[in-house]
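Undergrad: Here you go, one structure.
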Amino acid sequence: MSRNLSVLFQAQSIAVVGASGTPGKTGYTILKNIIDAGFPGPVYPINPKAGELLGRKAYHSLEEIGAPVDLAIFTIPAPALPGAMEEAGAAGVKGAVVITGGLSEVGNTELERRVLDTAAVHGIRVIGPNCQGITSPHYGICASWPLAVGRGPIAVISQSGTIGAAVAGWLIREGIGVSATVSLGNKSDVDECDLLEYFAQDAATKAIALNIEGVRSGQRFIDTCRRVAATKPIIVLKPGRSEKGKQAAASHTKSVAGDARVFSAVCVKAGLIQADSTEGFYDAVKAFALSCPIRGNEIRMMTSSGGSGILAVDSAEDMGLDVPPLTEAEKQRLKEALPSHCVLRNPLDLTGDTDAGRYVTAAQALDPGHTGVLLLIFGDPIPGAAEAALKIKAATGQDIVCCYIGGGDVEIAETHALQRLGFPVYPTPERAVAAINALYRYGRVIRQEGTA
Amino acid sequence: MNRIIQKAKSENRSLVEPEAWQLAASYGLTLPPYAFAESDREAVKAAAKVGYPLAVKVVSKDIVHKSNIGGVRIGIQNDAALAHAIAEMRGGIARLTPDAEIAGWMLTAMVKNGYEFIVGASRDQQFGPVVVCGMGGIFVELFCDTVLRLAPVETEEALEMLAELRSGRLLKGYRGQAPCDARALARSIVCASQLIAENPDIAELDFNPVNVSPEGAVVLDARILLG
């Protein structure tokens with residue numbers, strides 16, 4: 001199963017089988033997004049009427065193109081798939097993404113098997129069927145919807161096309177971007193394990209976001225994840241925790257959701273970072289996009305907002321993270337460096353009149369060499385937060401995670417600037433601490449792997 | 001295949017209690033002094049080996065839930081009380097489940113003090129054997145305080161499981177009590193996890209309760225189901 005999937009994600013020519021000139025049709029959207037994403041290679045619309053579609057010469061068939069086609073996207077009706085796949089094989093297509101639904105997910109297993117068998121005979125790897133396509137921004141590929149082009153370090157593998165598109169969309173909106181998105185669909189050929197293996201060796205991918213409703217083979221999943229998680233973090237969101245959620249998963253994608261507690265045990269065994277909500281999933285993914293796994297479970301906090309600091313402490317306590325007291329030497333140095341109304345403890349409350357400079361002054365008074373993380377909470381508008389974080393990083397050498405809250409327009413600009421510098425920023429203290437917890441958990445995974 | 005499991009399988013039944021105990025002991029689980037007596041008269045003789053006070057339980061492949069039909073007596077102090085208890089249980093069982101075939105009686109030494117935990121294991125369709133540990137006794141379902149891992153686990157992982165339990169705090173010496181032997185409980189988890197991982201014929205096993213005290217972790221009841 002290790003045949004290389006690079007033919008899909010690094011394709012140099014793409015055909016859209018079922019391309020359409022009618023806005024609203026899937027064959028139109030896919031063709032348009034491939035073109036609008038700026039795909040640098042040739043794009044071939046395939047349509048029985050041929051002519052021209054969206055300014056590109058269209059062809060009656062794949063064979064008519066007369067040039068190599070790496071990747072074919074299928075949006076034609078299900079009954080036409082076996083013939084079209086046979087044609088793709090004859091034309092030398094290497095990879096296929098089958099958007100078309102109406103196959104095994106509605107009981108048409110025989111039809112689906114014919115499509116897959118045909119592809120296998122010709123050595124064509126298939127994503128889907130019944131999926132929302134793939135994107136690969138580093139190669140200018142957006143064979144999916146919505147249009148998404150921001151390049152970055154996260155591979156998003158998703159059972160749900162929508163959840164995948166949402167996570168990718170947020171990453172792009174925050175200026176972080178993705179290395180790829182894949183909608184699994186019925187995953188009748190390429191499954192989560194194939195993709196994990198591929199992204200493990202993909203240089204553009206730093207971390208993998210995985211949304212699944214079930215797995216095909218339990219043992220293979222565990223083995224693959226263990227291997228991959230030793231080098232790259234895998235963050236997983238698996239719905240179907242409740243009894244009714246399990247039933248919904250079964251009818252959605254025919255997945256065997258299984259016992260949620262067993263899956264959590266699988267995550268522990270395989271070194272997966274499990275999220276329990278879409279929000280937590282995204283927040284952890286973002287943390288890994290920008291930060292490194294952290295070594296210690298200690299959080300030191302600096303805040304301009306006492307209230308936010310308490311919320312952060314509560315979350316840390318809930319998650320078993322330590323908020324250690326300041327040392328006497330630190331207190332002494334801070335006392336000399338800060339105004340007398342600052343509260344000298346952890347969280348270090350710089351109070352509401354603080355500016356960015358006071359954060360730097362305070363950080364310089366802390367003992368260096370801490371293995372945990374420094375949480376900077378910027379409450380209210382504090383201009384220059386990004387610049388300050390950079391100086392604090394230099395002074396302490398610590399990993400930094402930020403919360404920016406209640407800062408109006410300054411918050412928007414500074415959040416962007418902080419994240420461009422590689423400091424993840426969250427809009428609430430709880431979310432920032434949960435992200436720190438994810439970084440810490442993965443730090444433990446790789447340490448255990450290292451000592452095993 | 002394990003000899004005990006093989007025998008039960010060939011007779012198309014799950015393990016009876018003395019077999020489950022023997023198998024558990026062979027995997028390193030700690031059990032209190034116990035004896036299996038095939039007849040009422042032998043029971044009194046065996047009691048001398050186990051020592052009073054003791055608990056006596058009916059052994060029958062036809063009876064799964066012993067206490068529901070009055071098949072368990074605890075706190076037996078002497079020979080006369082033992083003979084009386086057995087006679088009474090026989091009568092009760094004959095009335096309630098006349099077809100049940102009584103193979104004999106399990107005598108087990110009473111273990112005092114300590115907290116009750118549960119150590120169990122089962123098999124997931126997709127991911128294979130799993131091991132569970134949690135607070136035992138009568139409040140199991142009320143507090144739902146259990147933690148689950150894929151089997152087998154090693155001691156470090158078993159200790160992590162205990163650290164995740166809310167009731168794990170009891171082991172550290174709650175409210176002035178002496179700390180319990182958490183490592184012994186962790187070893188029970190390890191043994192149970194190996195038992196299910198190494199024997200594919202076991203569908204489910206239950207050590208409930210496991211009595212945990214400063215002196216160790218002792219399995220007081222063992223149920224092993226074949227699948």
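Undergrad: Compute the normalised compactness of the stretch B:118-160: alpha-carbon radius of gyration over 2.2 N^0.38 Å, N being the residue count.
TA: 1.22
Undergrad: While we're on this one: Give the Rg (one decimal place) followed by the Dmax (whole number) of the stretch B:41-117, computed from C-alpha coordinates and expressed in Å.
TA: Reported Rg and Dmax, both Å: 12.6, 38.
Undergrad: Based on the alpha-carbon gyration tensor of the stretch B:1-47, what equivalent-ellipsoid semi-axes (square roots of 5 times the eigenvalues) come out, in whole Å, largest first?
TA: One finds semi-axes of 22, 16, 6 Å for the stretch B:1-47.
Undergrad: Here's a follow-up. Only Cα pairs under 8 Å and at least 6 apart count here; give the relative contact order of the stretch A:325-422 as a rounded whole percent.
TA: 25
Undergrad: Calculate how steeply helix A:243-253 sits against the longest principal axis of the alpha-carbon atoms of chain A, using the helix alpha-carbon long axis, and give the answer as 0 to 90 degrees to the nearest 10.
TA: For helix A:243-253, the angle is close to 40 degrees.
Undergrad: Okay, next question. Summing +1 for each Lys or Arg and -1 for each Asp or Glu, what net charge is found among the other residues whose Cβ lies under 11 Å from the Cβ of B:G114?
TA: -2
Undergrad: Give the lysines reachable from A:K286 as a straight Cα distance under 25 Å; neighbours fewer than 8 places away on the same chain don't count.
TA: A:K206, A:K232, A:K238, A:K269, A:K391, A:K393
Undergrad: Please work out the FRET efficiency for the pair A:A329 and A:Q12, using the Cβ-Cβ distance as r and a Förster radius of 60 Å; give the result to the nearest 0.05.
TA: The calculated FRET efficiency here is 0.50.
Undergrad: Run through the DSSP bridge list for the stretch A:52-161 and note the antiparallel percent, rounded to the nearest 5.
TA: 45
Undergrad: So what's the projected area for the stretch B:69-188, the Cα convex hull averaged over all directions, in nm²?
TA: Answer in nm², one decimal: 10.8.
Undergrad: Further question on the same structure: Please report the Cα spread of chain B along all three principal axes, rounded to whole Å, starting with the longest.
TA: 47, 46, 31
Undergrad: Quick one: of the DSSP bridges fully inside the protein assembly as shown, what percent are antiparallel, nearest 5?
TA: Counting only bridges with both partners in the protein assembly as shown, antiparallel ones make up about 50 percent.
Undergrad: Separate question: Which whole-number percent of Cα pairs in the stretch B:130-212 have a distance greater than 17 Å?
TA: Tail of the P(r) past 17 Å holds 46 percent of the pairs.
Undergrad: OK, next. Distance in nm between label sites at B:K112 and B:K172, each 7 Å beyond Cα in the beta-carbon direction?
TA: The two pseudo-label positions are separated by 2.9 nm.
Undergrad: Follow-up. Using the 2.2 N^0.38 Å rule of thumb for compact globular proteins, work out how the stretch A:373-425 stacks up: its C-alpha Rg over that value, please.
TA: For the stretch A:373-425, the normalised Cα radius of gyration comes out at 1.00.
Undergrad: When only alpha-carbon atoms are used, what values of Rg and Dmax, in angstrom, describe the stretch A:133-185?
TA: Reported Rg and Dmax, both Å: 9.2, 27.
Undergrad: Okay, next question. Based on the Kirkwood radius over alpha-carbon pairs, what value in µm²/s does the Stokes-Einstein equation return for the translational diffusion coefficient of the stretch A:387-452 at 10 °C and 1.306 mPa s?
TA: Translational D for this selection: 120 µm²/s.
Undergrad: After finding the eigenvalues of the alpha carbon gyration tensor for the stretch A:138-250, what semi-axes result from the square roots of 5 times each, listed largest first in whole Å?
TA: Whole-Å semi-axes of the equivalent ellipsoid: 22, 18, 12.
Undergrad: Follow-up. Reachable lysines from B:K9, Cα under 28 Å, same-chain residues fewer than 8 places away excluded?
TA: Excluding near neighbours in sequence, the set is B:K57, B:K61, B:K66.
Undergrad: Moving on. On average, how many beta carbons from a partner chain sit within 10 Å of the beta carbon of a residue in B:119-125?
TA: Average neighbour count from other chains, rounded to a whole number: 2.
Undergrad: Right, something else. With point charges of +1 on the Cβ of Lys and Arg and -1 on the Cβ of Asp and Glu, referenced to the Cα centre of the stretch A:333-452, which listed residue (A:V373, A:V410, A:F423) lies farthest in the positive direction of the dipole?
TA: Comparing the listed Cα positions along the dipole, A:V373 ranks first.
Undergrad: Right, another one. How far is it, in nm, from the label point at A:E387 to the one at B:T155 when both lie 7 Å from their Cα along the line to the Cβ?
TA: 5.7
Undergrad: Find the centroid of the Cα atoms in the stretch A:314-363 and in the stretch A:128-146, then give the distance between the two in whole Å.
TA: About 47 Å separates the Cα centre of the stretch A:314-363 from the one of the stretch A:128-146.
Undergrad: Here's something else I'd like to know. Expressed in nm to one decimal, what extension gain is obtained for the pair A:E449 and A:E336 from 0.36 nm per residue of sequence separation less their Cα-Cα distance?
TA: 36.3 nm
Undergrad: Expected output is a single nm value to one decimal: the length gained when fully extending between A:A80 and A:Q201, i.e. 0.36 nm times separation in residues minus the C-alpha distance. What is it?
TA: Taking 0.36 nm per residue and subtracting the Cα distance, the gain is 40.0 nm.
Undergrad: Something else now. Quick check: pseudo-label points 7 Å beyond the Cα along Cα→Cβ at A:T231 and B:C144, how many nm apart are they?
TA: 4.1
Undergrad: Also, I was wondering about something else. Setting aside same-chain residues fewer than 8 positions from A:K244, which lysines have a Cα under 25 Å from its Cα?
TA: A:K187, A:K254
Undergrad: Can you pull the mean other chain C-beta count within 10 Å for peptide A:213-224?
TA: Mean partner-chain Cβ count within 10 Å for A:213-224: 2.
Undergrad: Please report, in cubic angstrom per residue, the volume enclosed by the convex hull of the alpha-carbon atoms of the stretch A:246-351.
TA: So the per-residue Cα hull volume is 151 Å³.
Undergrad: Over all directions, what mean area does the Cα convex hull of the stretch A:283-399 project, stated in square nanometres?
TA: Computing the convex hull of the Cα atoms and averaging its projections yields 7.0 nm².
Undergrad: Let me have the 222 nm mean residue ellipticity of chain B computed from DSSP H runs of 4+ only, each contributing -39500 (n - 2.57), with the sum over all residues rounded to the nearest 500.
TA: Estimated from H runs of four or more residues: -10500 deg cm²/dmol.
Undergrad: Quick one: if you take sqrt(5λ) for each eigenvalue of the C-alpha gyration tensor of chain A, what semi-axes come out, biggest first, whole angstrom?
TA: Ellipsoid semi-axes (Å, largest first): 47, 23, 17.
Undergrad: Same structure, new question: Is any residue of the stretch A:16-39 close enough, with backbone N under 11 Å, to a label point placed 7 angstrom from the Cα of A:A67 along the Cα-Cβ axis, and if so, which?
TA: Residues passing the 11 Å test: none.
Undergrad: Let's test this: bin the Cα-Cα distances of the stretch A:37-98 at 10 Å from zero up to the farthest pair and state each bin's percent.
TA: 21, 58, 21, 0
Undergrad: Let me ask something else. Can you compute the label reach from A:W170? Point 7 Å from Cα along the Cβ direction, backbone N cut-off under 17 Å, restricted to the stretch A:274-317.
TA: In the stretch A:274-317, the label zone of A:W170 (backbone N under 17 Å from the point 7 Å along Cα→Cβ) covers A:274-291.
Undergrad: For a quick check: with amide H placed at 1.01 Å from N, whose amide H comes under 5 Å from B:E204's, ignoring anything fewer than 5 positions away on the same chain?
TA: B:L225
Undergrad: Over the stretch A:1-137, what per residue volume does the convex hull of the Cα atoms give, in whole Å³?
TA: Spelled out: Cα convex hull of the stretch A:1-137, divided by residues, is 102 Å³.
Undergrad: For A:E279 and A:R216, what is the calculated FRET efficiency with R₀ set at 25 Å and r taken between the beta-carbons, to the nearest 0.05?
TA: With R0 = 25 Å, the Cβ-Cβ based efficiency is 0.35.
Undergrad: Go from 0 up to the bin containing the longest alpha carbon distance in the stretch A:109-158, width 10 Å each, and give me the % of pairs per bin.
TA: Reading the bins upward from 0: 21, 40, 28, 11.
Undergrad: Whole number in Å², please: accessible area per residue of the stretch A:85-179, 1.4 Å probe, ligands, DNA and RNA not counted.
TA: 34
Undergrad: What value, in deg cm²/dmol to 500, does the helix sum -39500 (n - 2.57) over DSSP H runs of n ≥ 4 give at 222 nm once divided by the residues of chain A?
TA: Counting only the DSSP helices, I get -13000 deg cm²/dmol.
The values are calculated or read from the model by the stated rules, or taken from the named source; none is laboratory data. Model, not experiment: these values are computed from the prediction. With ideal geometry, Cβ positions are generated from the backbone for all residues, glycine too; neighbour counts draw on all protein chains shown. Heavy atoms of the whole protein, side chains included, go into the accessibility calculation; ligands, DNA and RNA do not. Shrake-Rupley method; radii C 1.70, N 1.55, O 1.52, S 1.80 Å.
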